[in-house]
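Below is one structure, written out as structure tokens, with a few remarks after it.
The values are calculated or read from the model by the stated rules, or taken from the named source; none is laboratory data. Keep in mind the model is a prediction, meaning the values are calculated, not measured. We place every Cβ from the backbone using ideal geometry, glycine too, and count neighbours over all the protein chains shown. Ligands, DNA and RNA are excluded from the accessible area calculation, which covers all protein heavy atoms including side chains. Shrake-Rupley method; radii C 1.70, N 1.55, O 1.52, S 1.80 Å.
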Amino acid sequence: MSSKTVLITGATSGIGAHTARLLLDRGHRVAVTGRDESRLKSFLDEAGRTDRLLGLVADAADWQATESAVDRTVERFGALDAAVANAGFMSGDSIGAGDPTRWSPMVLTNVLGPALLAHATLPHLEATGGRLVLIGSVAGLKNSPGNLYSATKWATTGLAENLRLHATTRGIGVTLVNPGMIDTPFWQGAGVPPFALPPQHIAEAVCFALDQPAGVDLNTLTIRPMGQPV
């Protein structure tokens with residue numbers, strides 16, 4: 001993969017952080033966003049590479065923040081070759097026995113966030129023949145009872161195909177990456193299954209998508225750990 005500029009949302013931990021580190025290790029320029037300024041600073045201090053790494057405080061569900069993050073990335077590095085809609089979280093409850101006050105931020109981040117990132121980045125990606133990667137989930141392929149998080153990831157699955165139809169005639173690739181059980185802070189409080197994969201494997205999958213040659217549109221990657229039955 002020739003040197004690229006990649007913007008990753010929600011990249012202060014988990015899959016996003018590992019993807020950013022892997023891209024930096026391979027010589028790319030990376031912009032990362034996070035809502036928490038202190039966590040973002042900790043990630044930047046740990047990662048180093050200040051000449052090729054840009055940190056931006058931004059809420060993925062906020063249009064002005066997303067637009068500003070994209071503009072600042074292009075201003076800093078000159079172009080944008082890829083964007084990864086990674087920001088997302090799970091409220092950890094159910095529609096039947098949950099706290100509705102916790103649902104709105106999850107739905108906005110998981111569903112509106114990727115759409116905002118697409119809107120802000122597509123003109124830049126068209127200019128570079130770039131790629132948009134959406135981090136979905138196996139939960140967006142398999143239903144479970146009363147799971148609103150799963151519904152948001154079903155929306156991501158639909159959005160990915162919706163965007164592919166729009167972007168492919170403009171020379172932009174769209175890839176949906178569906179992780180299964182991954183050992184990240186995402187599962188904090190819910191218990192991580194013993195067979196969960198480390199997030200580095202999903203980071204490798206994202207880089208694999210970004211490494212596709214011109215004219216190849218890799219659309220869907222589903223990555224489960226051995227031992228995950230659904």
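Below is a table of values for the structure above.
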item: Accessible carbon and sulfur surface of the range 38-132 relative to its total accessible area, %, 1.4 Å; result: 52
item: Amide H within-cut-off set for ILE182, under 5 Å, with H built and near neighbours excluded; result: LEU197
item: Taking only Cα atoms of the range 74-129, radius of gyration then Dmax in Å; result: 15.7, 48
item: ARG52, ARG102, ranked by accessible area, largest first (probe 1.4 Å); result: ARG102, ARG52
item: Residue-normalised accessible area of the chain, expressed per residue, 1.4 Å probe, Å²; result: 46
item: Solvent-accessible area, 1.4 Å probe, carbon plus sulfur percent, for the range 136-186; result: 57
item: Histogram of C-alpha separations across the chain, 10 Å bin width, %; result: 8, 35, 39, 16, 2
item: Positive minus negative residues near ARG35 (Lys, Arg vs Asp, Glu; Cβ under 11 Å); result: -3
item: Local electrostatic count at GLY180 - Lys and Arg +1, Asp and Glu -1, tallied over other residues with Cβ under 14 Å; result: +2
